[in-house]
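The values are calculated or read from the model by the stated rules, or taken from the named source; none is laboratory data. Keep in mind the model is a prediction, meaning the values are calculated, not measured. Backbone-built Cβ (ideal geometry, glycine too); neighbour counts: all protein chains shown. Heads up: the accessible areas ignore ligands, DNA and RNA and are worked out on the full protein's heavy atoms, side chains in. Shrake-Rupley method; radii C 1.70, N 1.55, O 1.52, S 1.80 Å.
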Amino acid sequence: MQKYHYSELGLVNTRVMFALALRERFAVPAYNFNNMEQLQAIIIGCAQSASPVIIQVSGSARSYIGTSFLPHMAMAAVELAKETGTAIPIALHLDHGSSFELARDCIDSGFSSVMIDASHHSFADNVALTRQVVEYAHAHEVTVEAELGVLAGIEDEVSAEKSSYTRPQEVEQFLRETGVDSLAISIGTSHGAFKFKLQPGQEPPPLRFDILEEIEQLVPGFPIVLHGASSVSREHVEMINRYGGQMENTAGIPEEQLRRAAASAVCKVNIDSDGRLAMTAIVRKIFAEKPGEFDPRKYLGPARDELVKMVIHKNTAVLGSAGRVQ
């Protein structure tokens with residue numbers, strides 16, 4: 001594997017991004033991607049809305065794309081942003097890294113930010129593994145995200161039947177003993193498109209803003225991260241079902257709750273399922289209306305366009321990150 005420092009690829013780490021987000025009270029979008037069209041849409045949408053962005057992959061997405069492809073895709077993403085006329089800051093992040101070895105490999109291959117997720121271990125083991133990653137990452141100017149508390153749901157490497165809220169009283173000690181740069185907390189979000197089991201007419205339960213506020217008071221000015229924060233667009237779910245899909249009883253995080261979170265110490269919001277739903281809805285529609293279509297450009301191109309619209313909406317109307325890049 002060829003080694004790169006992220007600066008060679010035109011990337012930045014998350015430190016300056018988060019400082020700006022905390023100062024101006026918005027959240028930086030962190031969009032997951034698995035292929036070229038998703039990455040193009042994310043970059044185009046963020047450039048057009050003048051938003052900083054964190055492009056992120058899980059370990060399995062990294063394997064799917066190919067470890068040798070990713071550095072070149074990241075460099076191409078930087079150039080694509082420049083071509084739009086807006087040279088936005090871009091960080092490449094490992095989402096839910098499961099081991100020191102994976103985090104180290106990502107750092108060595110040009111990632112500017114990594115997450116080590118040891119939240120399913122004991123507090124002591126979480127601290128030990130996180131500190132090991134932090135020591136290696138900081139030696140390479142890479143920022144590190146960790147997690148306290150467990151989010152329910154299923155998405156790529158993440159699978160948990162029940163959530164466990166973050167205990168505010170553990171946060172100070174965890175930050176002091178690890179030196180981590182940002183912290184993902186559990187306040188009621190969850191992974192995947194089926195976040196809540198709701199009856200018709202029911203609304204998703206509110207996020208535990210009391211936990212978030214207590215953490216803010218204990219560690220003022222520290223960057224907080226929300227995982228599992230897709231809103232699961234009814235428009236896209238209905239389109240998927242209309243054209244042969246089976247996604248009944250899906251529910252996500254209401255946008256008004258995300259707006260409230262973005263105006264707090266939450267300076268990074270992860271979005272994965274919403275991007276998958278937007279593209280899948282358009283692909284299904286095209287296949288249903290044009291069953292003879294077999295040119296990938298004719299269905300992936302429109303799907304990419306739909307994702308661009310979704311990204312601009314998120315940045316502008318939900319996270320407040322639009323217009324933060326001059």
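At-a-glance table
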item: Relative contact order, percent, the chain [alpha-carbon distance under 8 Å, six or more residues apart]; result: 22 percent
item: Stokes-Einstein D for the chain, Kirkwood Rh over Cα pairs, 37 °C, 0.692 mPa s (µm²/s); result: 166 µm²/s
item: Semi-axes of the equivalent ellipsoid for the stretch 222-297, Cα gyration tensor, largest first, Å; result: 32, 13, 8
item: Among Gly188, Gly301, Gly292, residue whose mean-square fluctuation peaks in a GNM of the chain (springs only between Cα atoms under 10 Å); result: Gly292
item: Radius of gyration and maximum dimension Dmax of the stretch 61-107, Cα, Å; result: 12.6, 38
item: Hydrodynamic radius of the stretch 83-148 per Kirkwood, over alpha carbon pairs, in Å; result: 12.3 Å
item: Added length on full extension, which subtracts the Cα-Cα distance from 0.36 nm per residue, Arg15 to Glu101; result: 28.7 nm
item: 10 Å Cβ shell holding at most 16 others, DSSP loop, chymotrypsin sites (Phe, Trp or Tyr not before Pro): longest site-free stretch of the chain; result: 166-293
item: Per residue value of the accessible surface for the stretch 1-112 (all protein chains in place, 1.4 Å probe), Å²; result: 37 Å²
item: Rg to Rh quotient for the stretch 1-156, alpha carbon positions, Kirkwood Rh; result: 0.96
item: In the chain, lysine pairs closer than 29 Å at Cα, eight or more apart or cross-chain; result: 27
item: Lys/Arg +1, Asp/Glu -1 at C-beta; the chain dipole; positive extreme among Val78, Val237, Ala21; result: Val237
item: Trypsin sites (Lys or Arg not before Pro), loop per DSSP, at most 15 other Cβ atoms within 10 Å - longest free stretch of the chain; result: 26-161
item: For the chain, share of DSSP beta bridges that run antiparallel, in % to the nearest 5; result: 10 percent
